[in-house]
Ligand SMILES: [Zn+2]
């Protein structure tokens, strides 16, 4: 059975072409301070696109949202479980009490020094990580999912809200100090790509489940000011494409192909039209959960 969770071999790569549509104001702040040229105190994050400073959604923010949802989900199923934000790498074990991180680095060093037996050691250590770390990576473990930055599709309009600074201790208005917060208006659309590297079908199903059944049902919001209703976003899957390596040959997947299982918990998936395919992947994820339920 394949060791999809290592990065030793490429089995398949899937692209989810997505658009993110804001249903309520969206605020992803810039870490930079107030711009000298802006009257606004808290600007949204921008990037230079075609010579213009353009609001965008950073891939790192999206990855953070997905990871935290996946960790919560995995912990909610008995028999699965997950660590917090890559903490797996700090766990001790393996007899000598070293952290997993340290054991992994040592095994990689051994392998690079010509000890080919260390390859099995690497596989065994990687297999100890929780599913969240296998998908999203940790300090020493490369991710199997990539979120690109999402750039505007068409024009994005920016709103500004004026707030009153509150003294956190007394709860009283701080001498009436006003501050201005920028946000992206509802109805704005951004496009990006979510790439999965070597995903078993249940992992693709998990990511689609997060999109369809959690984010698109407004169970989780993105960005700042969530308690004021900001950050309600709908993710539309515009298309799914990808490639598989079959008999050392690269093939682009097409309707009718079958994505074979990548481990003993996986289920084959036949490529069909998008809506049915999404349902099928999510069904495979549900099956994975029921196999682990205890
Ligand atoms: Zn973990």
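The values are calculated or read from the model by the stated rules, or taken from the named source; none is laboratory data. Note that the coordinates shown come from a computational prediction; the quantities given were computed from them, not determined experimentally. Quick reminder, even Gly has a Cβ in these numbers, built from the backbone with ideal geometry, and neighbours come from all protein chains shown.
Brief remarks follow.
- Hey, residue 213 away from the ligand (no atom under 16 Å from the Cβ), touching a helix residue (DSSP H, G or I) at 6+ places or on another chain (Cβ under 8 Å) and assigned by TED's automatic domain parsing to the domain that holds residue 286 or not: yes
- Residue 292 being modelled with pLDDT under 95 and within 24 Å of the chain's Cα centre (by Cα): yes
- Filter pass, residue 162 being touching a helix residue (DSSP H, G or I) at 6+ places or on another chain (Cβ under 9 Å) and either modelled with pLDDT under 90 or not in a loop (DSSP other than H, G, I, E, B) (or both): no
- Between 154, 175, 187, the distinction of being out of contact with any helix residue (DSSP H, G or I) (no Cβ under 7 Å at 6 or more places or on another chain), surrounded by fewer than 15 Cβ atoms within 10 Å (Cβ to Cβ) and at pLDDT 95 or above belongs to 187 only.
- Tallying residues that are part of a strand (DSSP E or B) and at pLDDT 95 or above within the stretch 1-45 yields 12.
- Elements of type helices (runs of 4 or more DSSP H) in the stretch 69-150, at least 1 residues being under 18 Å from residue 200 (Cα atoms) and within 14 Å of the ligand (Cβ to nearest atom): 118-128, 131-136
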